[in-house]
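Since the structure comes first, as C-alpha coordinates, the remarks are kept for the end.
The values are calculated or read from the model by the stated rules, or taken from the named source; none is laboratory data. On a predicted model such as this, the values are computed, not experimentally measured, just so you know. When we count neighbours, we look across all protein chains shown, and the Cβ atoms used for this are built from the backbone with ideal geometry, even at glycine.
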Ligand SMILES: Cc1cc2nc3c(=O)[nH]c(=O)nc-3n(C[C@H](O)[C@H](O)[C@H](O)COP(=O)(O)O)c2cc1C
Ligand SMILES: [Fe+2]
Ligand SMILES: [Fe+2]
(Lines give C-alpha, C1' and ligand atoms only; values in the text may rest on other atoms or scores of the structure.)
(Ligands and ions follow the chains in the order given, each with its own letter.)
Protein backbone atom coordinates (compact mmCIF):
# COMPACT_ATOMS: atom_id res chain seq x y z
CA UNK A 1 0.00 0.00 0.00
CA UNK A 2 1.17 3.43 -0.71
CA UNK A 3 0.28 6.34 1.49
CA UNK A 4 0.95 8.92 -1.21
CA UNK A 5 -0.86 9.69 -4.45
CA UNK A 6 0.64 11.05 -7.65
CA UNK A 7 -1.52 13.91 -8.91
CA UNK A 8 0.33 14.60 -12.17
CA UNK A 9 3.79 13.30 -13.11
CA UNK A 10 6.22 14.24 -10.35
CA UNK A 11 3.61 15.97 -8.16
CA UNK A 12 2.53 13.90 -5.17
CA UNK A 13 -0.07 14.32 -2.45
CA UNK A 14 1.56 13.40 0.86
CA UNK A 15 -1.26 14.65 3.09
CA UNK A 16 -2.38 13.28 6.43
CA UNK A 17 -5.83 12.84 7.92
CA UNK A 18 -6.57 14.01 11.44
CA UNK A 19 -9.41 12.06 13.01
CA UNK A 20 -8.38 12.60 16.64
CA UNK A 21 -8.53 16.37 17.06
CA UNK A 22 -11.97 17.30 18.40
CA UNK A 23 -11.76 21.04 17.92
CA UNK A 24 -10.03 22.64 14.95
CA UNK A 25 -8.30 25.87 16.07
CA UNK A 26 -9.41 24.82 19.56
CA UNK A 27 -12.91 25.94 18.69
CA UNK A 28 -14.59 24.35 15.66
CA UNK A 29 -15.97 20.82 16.16
CA UNK A 30 -14.56 18.17 13.83
CA UNK A 31 -14.96 15.05 16.01
CA UNK A 32 -17.27 13.46 13.50
CA UNK A 33 -15.94 14.98 10.30
CA UNK A 34 -12.17 15.06 10.80
CA UNK A 35 -9.87 17.19 8.69
CA UNK A 36 -6.94 16.61 6.37
CA UNK A 37 -3.70 18.53 6.22
CA UNK A 38 -2.80 18.21 2.57
CA UNK A 39 0.90 18.52 1.88
CA UNK A 40 2.54 17.97 -1.48
CA UNK A 41 5.92 16.86 -2.73
CA UNK A 42 7.32 17.75 -6.14
CA UNK A 43 10.14 15.52 -7.36
CA UNK A 44 12.32 17.04 -10.02
CA UNK A 45 15.97 18.08 -10.25
CA UNK A 46 15.09 19.89 -7.07
CA UNK A 47 12.70 18.50 -4.50
CA UNK A 48 10.06 20.79 -3.04
CA UNK A 49 7.51 20.34 -0.29
CA UNK A 50 4.38 22.47 -0.37
CA UNK A 51 2.97 23.16 3.11
CA UNK A 52 3.43 20.77 6.02
CA UNK A 53 1.17 19.62 8.85
CA UNK A 54 0.22 20.02 12.49
CA UNK A 55 2.93 19.05 14.99
CA UNK A 56 1.16 15.85 16.11
CA UNK A 57 1.29 14.54 12.55
CA UNK A 58 5.07 14.82 12.09
CA UNK A 59 5.73 11.07 12.00
CA UNK A 60 3.00 10.41 9.45
CA UNK A 61 4.20 13.19 7.19
CA UNK A 62 7.81 12.10 7.43
CA UNK A 63 6.97 8.50 6.55
CA UNK A 64 5.22 9.70 3.40
CA UNK A 65 8.15 11.86 2.39
CA UNK A 66 10.57 8.96 3.03
CA UNK A 67 8.60 6.74 0.67
CA UNK A 68 9.32 9.16 -2.19
CA UNK A 69 12.56 10.99 -1.40
CA UNK A 70 15.38 11.44 1.03
CA UNK A 71 14.11 14.12 3.44
CA UNK A 72 17.62 15.42 4.04
CA UNK A 73 17.86 16.23 0.34
CA UNK A 74 14.72 18.42 0.22
CA UNK A 75 15.64 21.72 -1.44
CA UNK A 76 12.59 23.87 -0.78
CA UNK A 77 9.76 23.96 1.71
CA UNK A 78 7.09 26.32 0.45
CA UNK A 79 5.08 27.87 3.27
CA UNK A 80 1.92 29.32 1.78
CA UNK A 81 0.57 30.05 5.26
CA UNK A 82 2.10 30.14 8.73
CA UNK A 83 -0.82 28.81 10.81
CA UNK A 84 0.48 25.90 12.90
CA UNK A 85 -1.87 23.38 11.25
CA UNK A 86 0.58 23.64 8.32
CA UNK A 87 3.81 24.60 10.05
CA UNK A 88 3.68 22.83 13.43
CA UNK A 89 6.27 20.27 12.29
CA UNK A 90 8.80 22.94 11.23
CA UNK A 91 11.09 22.56 14.24
CA UNK A 92 11.35 18.82 13.55
CA UNK A 93 12.00 19.57 9.89
CA UNK A 94 14.89 21.90 10.71
CA UNK A 95 16.78 18.76 11.75
CA UNK A 96 15.27 16.40 9.21
CA UNK A 97 15.67 18.62 6.16
CA UNK A 98 18.60 20.85 7.09
CA UNK A 99 19.37 21.84 3.49
CA UNK A 100 15.89 23.06 2.74
CA UNK A 101 15.23 26.71 2.04
CA UNK A 102 11.94 28.01 3.42
CA UNK A 103 10.03 29.89 0.75
CA UNK A 104 7.49 32.40 1.99
CA UNK A 105 6.22 35.99 1.84
CA UNK A 106 7.86 38.90 3.63
CA UNK A 107 5.11 38.91 6.27
CA UNK A 108 5.62 35.18 6.88
CA UNK A 109 9.29 35.83 7.62
CA UNK A 110 8.29 37.77 10.75
CA UNK A 111 5.97 34.97 11.83
CA UNK A 112 8.69 32.34 11.28
CA UNK A 113 10.70 34.17 13.88
CA UNK A 114 7.94 34.72 16.43
CA UNK A 115 6.42 31.24 16.13
CA UNK A 116 9.53 29.09 15.64
CA UNK A 117 12.58 31.30 16.22
CA UNK A 118 13.66 30.59 12.65
CA UNK A 119 15.65 33.38 10.97
CA UNK A 120 17.86 31.53 8.47
CA UNK A 121 17.55 29.66 5.19
CA UNK A 122 14.54 31.76 4.27
CA UNK A 123 13.80 32.93 0.74
CA UNK A 124 11.21 35.68 0.60
CA UNK A 125 9.23 35.65 -2.65
CA UNK A 126 7.07 38.35 -4.16
CA UNK A 127 4.01 38.34 -6.32
CA UNK A 128 4.59 36.55 -9.64
CA UNK A 129 8.10 35.37 -8.75
CA UNK A 130 9.14 31.96 -10.10
CA UNK A 131 11.48 29.28 -8.78
CA UNK A 132 12.54 26.60 -11.29
CA UNK A 133 12.80 23.02 -10.02
CA UNK A 134 13.98 21.41 -13.29
CA UNK A 135 11.15 20.59 -15.62
CA UNK A 136 8.68 22.09 -13.16
CA UNK A 137 8.50 25.68 -12.04
CA UNK A 138 6.74 27.24 -9.08
CA UNK A 139 5.15 30.67 -9.27
CA UNK A 140 3.88 32.48 -6.20
CA UNK A 141 0.85 34.71 -5.85
CA UNK A 142 0.37 36.75 -2.73
CA UNK A 143 -3.19 36.40 -1.45
CA UNK A 144 -3.08 38.46 1.74
CA UNK A 145 -5.71 37.77 4.38
CA UNK A 146 -6.92 34.48 3.01
CA UNK A 147 -7.04 34.26 5.99
CA UNK A 148 -3.82 35.57 7.61
CA UNK A 149 -1.81 38.57 6.43
CA UNK A 150 1.07 36.47 5.09
CA UNK A 151 -0.88 34.03 2.90
CA UNK A 152 0.06 33.19 -0.68
CA UNK A 153 -0.80 30.51 -3.21
CA UNK A 154 1.63 28.48 -5.32
CA UNK A 155 1.14 27.59 -8.96
CA UNK A 156 3.08 24.79 -10.62
CA UNK A 157 3.62 23.99 -14.28
CA UNK A 158 3.56 21.59 -15.96
CA UNK A 159 0.54 20.07 -14.25
CA UNK A 160 -1.25 23.39 -13.85
CA UNK A 161 -1.90 22.68 -10.21
CA UNK A 162 -2.84 25.51 -7.85
CA UNK A 163 -1.75 24.90 -4.26
CA UNK A 164 -4.26 27.21 -2.66
CA UNK A 165 -3.65 26.37 1.01
CA UNK A 166 -6.68 27.35 3.14
CA UNK A 167 -8.40 29.02 0.20
CA UNK A 168 -10.86 26.54 -1.40
CA UNK A 169 -10.33 24.25 1.59
CA UNK A 170 -12.85 22.36 3.66
CA UNK A 171 -13.30 20.22 6.77
CA UNK A 172 -13.75 16.50 6.40
CA UNK A 173 -11.06 13.81 6.50
CA UNK A 174 -10.50 12.09 3.16
CA UNK A 175 -11.98 8.60 3.01
CA UNK A 176 -9.23 6.88 1.08
CA UNK A 177 -9.93 8.81 -2.10
CA UNK A 178 -8.54 12.32 -2.43
CA UNK A 179 -10.04 13.61 -5.71
CA UNK A 180 -13.50 15.02 -6.40
CA UNK A 181 -14.07 12.48 -9.19
CA UNK A 182 -13.37 9.54 -6.88
CA UNK A 183 -16.53 10.14 -4.85
CA UNK A 184 -20.01 9.27 -6.03
CA UNK A 185 -21.21 12.45 -4.34
CA UNK A 186 -19.18 15.36 -3.06
CA UNK A 187 -22.13 16.76 -1.12
CA UNK A 188 -20.46 16.10 2.25
CA UNK A 189 -17.24 17.83 1.20
CA UNK A 190 -19.09 20.80 -0.28
CA UNK A 191 -21.11 21.23 2.91
CA UNK A 192 -17.93 20.95 4.99
CA UNK A 193 -16.18 23.42 2.68
CA UNK A 194 -18.98 25.90 3.31
CA UNK A 195 -18.66 25.36 7.06
CA UNK A 196 -14.89 25.77 6.85
CA UNK A 197 -15.34 28.91 4.76
CA UNK A 198 -17.88 30.29 7.26
CA UNK A 199 -15.74 29.46 10.30
CA UNK A 200 -12.28 30.34 9.06
CA UNK A 201 -12.27 32.43 5.91
CA UNK A 202 -15.57 34.30 5.44
CA UNK A 203 -14.65 37.29 7.55
CA UNK A 204 -12.16 38.04 4.78
CA UNK A 205 -14.56 37.35 1.92
CA UNK A 206 -13.48 40.53 0.15
CA UNK A 207 -9.90 39.26 0.11
CA UNK A 208 -11.10 35.90 -1.22
CA UNK A 209 -12.78 37.68 -4.14
CA UNK A 210 -9.61 39.67 -4.72
CA UNK A 211 -7.56 36.45 -4.78
CA UNK A 212 -9.99 34.80 -7.21
CA UNK A 213 -9.72 37.83 -9.51
CA UNK A 214 -5.94 37.76 -9.35
CA UNK A 215 -5.83 34.07 -10.31
CA UNK A 216 -8.55 34.29 -12.95
CA UNK A 217 -6.18 34.10 -15.91
CA UNK A 218 -4.42 30.90 -14.77
CA UNK A 219 -5.41 27.80 -16.79
CA UNK A 220 -6.00 25.79 -13.61
CA UNK A 221 -6.38 22.05 -14.08
CA UNK A 222 -6.21 21.01 -10.44
CA UNK A 223 -7.12 22.94 -7.30
CA UNK A 224 -5.13 21.40 -4.47
CA UNK A 225 -5.99 23.05 -1.14
CA UNK A 226 -4.43 22.27 2.22
CA UNK A 227 -7.68 20.87 3.64
CA UNK A 228 -10.26 18.61 2.04
CA UNK A 229 -10.83 17.41 -1.49
CA UNK A 230 -8.49 17.93 -4.42
CA UNK A 231 -10.54 19.18 -7.36
CA UNK A 232 -9.29 17.81 -10.67
CA UNK A 233 -12.49 16.91 -12.50
CA UNK A 234 -14.20 20.19 -11.80
CA UNK A 235 -11.54 22.60 -10.50
CA UNK A 236 -13.80 25.54 -11.27
CA UNK A 237 -16.54 24.12 -9.04
CA UNK A 238 -14.84 24.92 -5.72
CA UNK A 239 -13.68 28.32 -6.98
CA UNK A 240 -17.25 29.15 -8.02
CA UNK A 241 -18.59 28.01 -4.65
CA UNK A 242 -16.07 30.17 -2.77
CA UNK A 243 -17.04 33.07 -5.01
CA UNK A 244 -20.73 32.52 -4.34
CA UNK A 245 -20.27 32.23 -0.56
CA UNK A 246 -18.00 35.28 -0.53
CA UNK A 247 -20.66 37.25 -2.40
CA UNK A 248 -23.25 36.42 0.28
CA UNK A 249 -20.82 37.50 2.98
CA UNK A 250 -19.73 40.74 1.34
CA UNK A 251 -22.93 42.33 0.11
CA UNK A 252 -25.42 39.90 -1.37
CA UNK A 253 -27.01 37.84 1.38
CA UNK A 254 -30.06 35.90 0.21
CA UNK A 255 -33.66 36.68 1.26
CA UNK A 256 -33.57 33.90 3.84
CA UNK A 257 -33.98 33.83 7.59
CA UNK A 258 -31.85 32.22 10.26
CA UNK A 259 -33.70 31.76 13.54
CA UNK A 260 -31.52 31.31 16.61
CA UNK A 261 -33.19 30.47 19.87
CA UNK A 262 -32.46 29.31 23.41
CA UNK A 263 -34.75 28.59 26.31
CA UNK A 264 -34.53 27.60 29.99
CA UNK A 265 -38.07 26.28 30.62
CA UNK A 266 -39.70 26.30 27.21
CA UNK A 267 -41.66 29.57 27.18
CA UNK A 268 -39.48 31.08 24.47
CA UNK A 269 -39.45 27.80 22.59
CA UNK A 270 -43.25 27.68 22.51
CA UNK A 271 -43.22 31.14 21.02
CA UNK A 272 -40.45 30.12 18.62
CA UNK A 273 -42.74 27.55 17.03
CA UNK A 274 -45.40 30.20 16.43
CA UNK A 275 -42.87 32.61 14.95
CA UNK A 276 -41.38 29.90 12.73
CA UNK A 277 -44.87 28.95 11.58
CA UNK A 278 -45.46 32.55 10.55
CA UNK A 279 -42.19 32.79 8.64
CA UNK A 280 -42.69 29.45 6.90
CA UNK A 281 -46.25 30.39 5.99
CA UNK A 282 -44.97 33.52 4.29
CA UNK A 283 -42.80 31.36 2.06
CA UNK A 284 -39.36 32.55 3.13
CA UNK A 285 -36.64 29.89 3.53
CA UNK A 286 -35.96 29.41 7.22
CA UNK A 287 -33.31 27.59 9.21
CA UNK A 288 -33.95 27.10 12.93
CA UNK A 289 -31.12 26.48 15.39
CA UNK A 290 -31.35 25.72 19.10
CA UNK A 291 -28.04 27.36 19.91
CA UNK A 292 -27.59 25.46 23.18
CA UNK A 293 -27.40 22.20 21.24
CA UNK A 294 -25.87 23.33 17.97
CA UNK A 295 -22.33 24.65 17.89
CA UNK A 296 -22.04 28.08 16.28
CA UNK A 297 -19.68 26.44 13.74
CA UNK A 298 -22.73 24.88 12.05
CA UNK A 299 -24.75 28.11 12.23
CA UNK A 300 -22.27 30.61 10.77
CA UNK A 301 -22.80 29.51 7.14
CA UNK A 302 -26.52 30.29 7.42
CA UNK A 303 -25.84 33.65 9.07
CA UNK A 304 -23.47 34.61 6.27
CA UNK A 305 -25.86 33.46 3.56
CA UNK A 306 -29.11 34.98 4.82
CA UNK A 307 -30.32 38.54 5.09
CA UNK A 308 -32.66 38.08 8.06
CA UNK A 309 -31.87 36.97 11.61
CA UNK A 310 -34.61 36.21 14.13
CA UNK A 311 -33.37 35.80 17.68
CA UNK A 312 -35.41 34.25 20.49
CA UNK A 313 -34.04 34.13 24.04
CA UNK A 314 -35.40 34.92 27.50
CA UNK A 315 -34.21 37.39 30.07
CA UNK A 316 -31.64 36.17 32.55
CA UNK A 317 -30.33 38.32 35.44
CA UNK A 318 -31.62 41.42 33.71
CA UNK A 319 -29.86 40.55 30.47
CA UNK A 320 -30.12 38.40 27.41
CA UNK A 321 -29.62 34.70 28.22
CA UNK A 322 -25.80 34.43 28.34
CA UNK A 323 -25.59 31.47 25.99
CA UNK A 324 -27.24 33.62 23.30
CA UNK A 325 -24.94 36.54 24.09
CA UNK A 326 -22.00 34.17 23.64
CA UNK A 327 -23.27 33.12 20.21
CA UNK A 328 -23.71 36.76 19.22
CA UNK A 329 -20.17 37.49 20.43
CA UNK A 330 -18.90 35.05 17.78
CA UNK A 331 -21.09 36.79 15.20
CA UNK A 332 -19.47 40.05 16.30
CA UNK A 333 -15.95 38.60 16.01
CA UNK A 334 -16.84 37.39 12.53
CA UNK A 335 -18.18 40.83 11.69
CA UNK A 336 -21.44 39.65 10.16
CA UNK A 337 -22.89 43.11 9.74
CA UNK A 338 -25.88 44.79 8.18
CA UNK A 339 -28.49 42.10 8.79
CA UNK A 340 -32.18 42.73 9.34
CA UNK A 341 -33.20 41.35 12.70
CA UNK A 342 -36.01 40.87 15.17
CA UNK A 343 -36.12 39.73 18.79
CA UNK A 344 -38.60 37.73 20.84
CA UNK A 345 -38.34 36.24 24.30
CA UNK A 346 -40.01 35.57 27.62
CA UNK A 347 -39.28 37.39 30.88
CA UNK A 348 -40.42 36.95 34.48
CA UNK A 349 -40.68 40.40 36.06
CA UNK A 350 -38.28 43.16 34.93
CA UNK A 351 -37.31 42.06 31.44
CA UNK A 352 -33.93 42.99 29.98
CA UNK A 353 -33.43 40.44 27.19
CA UNK A 354 -34.67 42.80 24.53
CA UNK A 355 -32.40 45.66 25.61
CA UNK A 356 -29.49 43.21 25.93
CA UNK A 357 -30.06 42.02 22.38
CA UNK A 358 -30.09 45.58 21.03
CA UNK A 359 -26.87 46.40 22.86
CA UNK A 360 -25.12 43.42 21.28
CA UNK A 361 -26.24 43.92 17.67
CA UNK A 362 -26.19 47.73 17.43
CA UNK A 363 -22.42 47.74 16.83
CA UNK A 364 -23.00 45.31 13.94
CA UNK A 365 -25.37 47.78 12.29
CA UNK A 366 -28.17 45.27 12.41
CA UNK A 367 -31.50 46.91 11.77
CA UNK A 368 -33.98 45.71 14.40
CA UNK A 369 -37.32 45.63 12.61
CA UNK A 370 -39.44 44.32 15.45
CA UNK A 371 -39.53 42.99 19.04
CA UNK A 372 -41.86 40.69 20.94
CA UNK A 373 -41.07 40.41 24.64
CA UNK A 374 -43.78 38.69 26.69
CA UNK A 375 -44.22 37.74 30.38
CA UNK A 376 -44.18 34.11 31.49
CA UNK A 377 -45.64 31.46 29.21
CA UNK A 378 -47.29 32.57 25.99
CA UNK A 379 -51.08 32.60 25.88
CA UNK A 380 -53.18 31.69 22.87
CA UNK A 381 -53.33 35.43 22.22
CA UNK A 382 -49.58 36.00 22.37
CA UNK A 383 -48.98 32.96 20.18
CA UNK A 384 -51.22 34.48 17.55
CA UNK A 385 -49.25 37.67 17.91
CA UNK A 386 -46.08 35.64 17.50
CA UNK A 387 -47.24 34.07 14.27
CA UNK A 388 -48.18 37.47 12.88
CA UNK A 389 -44.80 38.79 14.05
CA UNK A 390 -43.15 36.00 12.02
CA UNK A 391 -45.23 36.74 8.93
CA UNK A 392 -44.44 40.44 9.12
CA UNK A 393 -40.71 39.84 9.50
CA UNK A 394 -40.66 37.33 6.64
CA UNK A 395 -42.43 39.78 4.37
CA UNK A 396 -39.95 42.49 5.25
CA UNK A 397 -37.07 40.16 4.36
CA UNK A 398 -38.74 39.11 1.13
CA UNK A 399 -39.28 42.73 0.14
CA UNK A 400 -35.93 44.04 1.29
CA UNK A 401 -33.75 44.97 -1.64
CA UNK A 402 -30.08 44.33 -1.97
CA UNK A 403 -29.16 47.27 0.18
CA UNK A 404 -27.85 45.13 3.06
CA UNK A 405 -24.12 44.98 3.24
CA UNK A 406 -21.43 43.39 5.27
CA UNK A 407 -18.78 46.03 5.68
C1 LIG B 1 -31.68 32.15 36.80
C2 LIG B 1 -32.78 33.01 36.28
C3 LIG B 1 -32.63 34.37 36.22
C4 LIG B 1 -33.65 35.18 35.73
N5 LIG B 1 -33.49 36.54 35.69
C6 LIG B 1 -34.53 37.33 35.30
C7 LIG B 1 -34.43 38.74 35.34
O8 LIG B 1 -33.39 39.30 35.71
N9 LIG B 1 -35.47 39.48 34.90
C10 LIG B 1 -36.63 38.90 34.46
O11 LIG B 1 -37.53 39.62 34.03
N12 LIG B 1 -36.75 37.56 34.42
C13 LIG B 1 -35.75 36.76 34.84
N14 LIG B 1 -35.89 35.40 34.84
C15 LIG B 1 -37.19 34.83 34.46
C16 LIG B 1 -37.19 34.28 33.05
O17 LIG B 1 -36.95 35.32 32.10
C18 LIG B 1 -38.56 33.62 32.81
O19 LIG B 1 -38.66 32.49 33.65
C20 LIG B 1 -38.83 33.23 31.36
O21 LIG B 1 -40.15 32.77 31.24
C22 LIG B 1 -37.89 32.11 30.90
O23 LIG B 1 -38.19 31.79 29.57
P24 LIG B 1 -37.85 30.33 29.01
O25 LIG B 1 -38.88 29.36 29.51
O26 LIG B 1 -37.89 30.52 27.53
O27 LIG B 1 -36.49 29.98 29.51
C28 LIG B 1 -34.87 34.59 35.30
C29 LIG B 1 -35.01 33.19 35.35
C30 LIG B 1 -33.98 32.40 35.82
C31 LIG B 1 -34.17 30.90 35.88
FE1 LIG C 1 -5.29 28.83 8.34
FE1 LIG D 1 -5.26 25.54 7.48
Inset, instruction - Give the residues of the stretch 9-31 that are in a loop (DSSP other than H, G, I, E, B) and either under 17 Å from residue 166 (Cβ atoms) or under 17 Å from the mean Cα position of the chain (by Cα) (or both), sorted by residue number. - result: 15, 21, 22, 25, 26, 27, 30, 31
Inset, instruction - Could you list, in sequence order, all residues of the stretch 370-392 that are assigned to a helix (DSSP H, G or I), within 12 Å of residue 274 (Cβ to Cβ) and in contact with a strand residue (DSSP E or B) (Cβ under 9 Å, 6 or more places away or on another chain)? - result: 382, 385, 386, 389, 390
Inset, instruction - Taking residue 262 as the residue in question, decide whether it is touching a residue at least 40 places away in the same chain (Cβ under 8 Å), buried (at least 20 other Cβ atoms within 10 Å of the Cβ) and out of contact with any helix residue (DSSP H, G or I) (no Cβ under 8 Å at 6 or more places or on another chain). - result: no
Inset, instruction - Would you tally the residues in the stretch 38-63 being within 27 Å of the chain's Cα centre (by Cα) and either within 17 Å of residue 8 (Cα to Cα) or modelled with pLDDT under 95 (or both)? - result: 6
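Here's the yes/no breakdown for (1) surrounded by fewer than 24 Cβ atoms within 10 Å (Cβ to Cβ); (2) assigned to a helix (DSSP H, G or I); (3) without any contact (Cβ under 8 Å) to a residue 60 or more places away in the chain:
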{"residue": "233", "(1), (2), (3)": "yes, no, yes"}
{"residue": "252", "(1), (2), (3)": "yes, no, no"}
{"residue": "276", "(1), (2), (3)": "yes, yes, no"}
{"residue": "299", "(1), (2), (3)": "yes, yes, yes"}
Legend entry - Filter result for the condition that a residue is modelled with pLDDT of 95 or more, touching a strand residue (DSSP E or B) at 6+ places or on another chain (Cβ under 9 Å) and buried (at least 22 other Cβ atoms within 10 Å of the Cβ), over 108, 100, 137, 69: 108
Inset, instruction - Those residues that are part of a loop (DSSP other than H, G, I, E, B) and out of contact with any strand residue (DSSP E or B) (no Cβ under 7 Å at 6 or more places or on another chain), I need them from the stretch 322-347; list them, please. - result: 334, 335, 336, 337, 338
Legend entry - Elements of type helices (runs of 4 or more DSSP H) in the stretch 42-104, at least 3 residues being away from ligand 2 (no atom under 15 Å from the Cβ), in contact (Cβ under 8 Å) with a residue 40 or more places away in the chain and over 20 Å from residue 136 (Cα atoms): 58-66
Inset, instruction - Might you let me know whether the stretch 260-280 holds any residue that is touching a strand residue (DSSP E or B) at 6+ places or on another chain (Cβ under 9 Å), under 24 Å from residue 208 (Cβ atoms) and either away from ligand 2 (no atom under 16 Å from the Cβ) or assigned by TED's automatic domain parsing to the domain that holds residue 195 (or both)? - result: no
Inset, instruction - For residues that are within 16 Å of ligand 3 (Cβ to nearest atom) and surrounded by fewer than 23 Cβ atoms within 10 Å (Cβ to Cβ), scanning just the stretch 157-191, find the one that is farthest from residue 245 (Cα to Cα). - result: 173
Legend entry - Matching residues, the stretch 106-124, being closer than 17 Å to residue 163 by Cβ and within 16 Å of ligand 3 (Cβ to nearest atom): 108
Inset, instruction - Give the residue, chosen from 334, 287, 340, that is within 16 Å of ligand 2 (Cβ to nearest atom), closer than 28 Å to residue 27 by Cα, under 27 Å from the mean Cα position of the chain (by Cα) and not assigned by TED's automatic domain parsing to the domain that holds residue 190. - result: 334
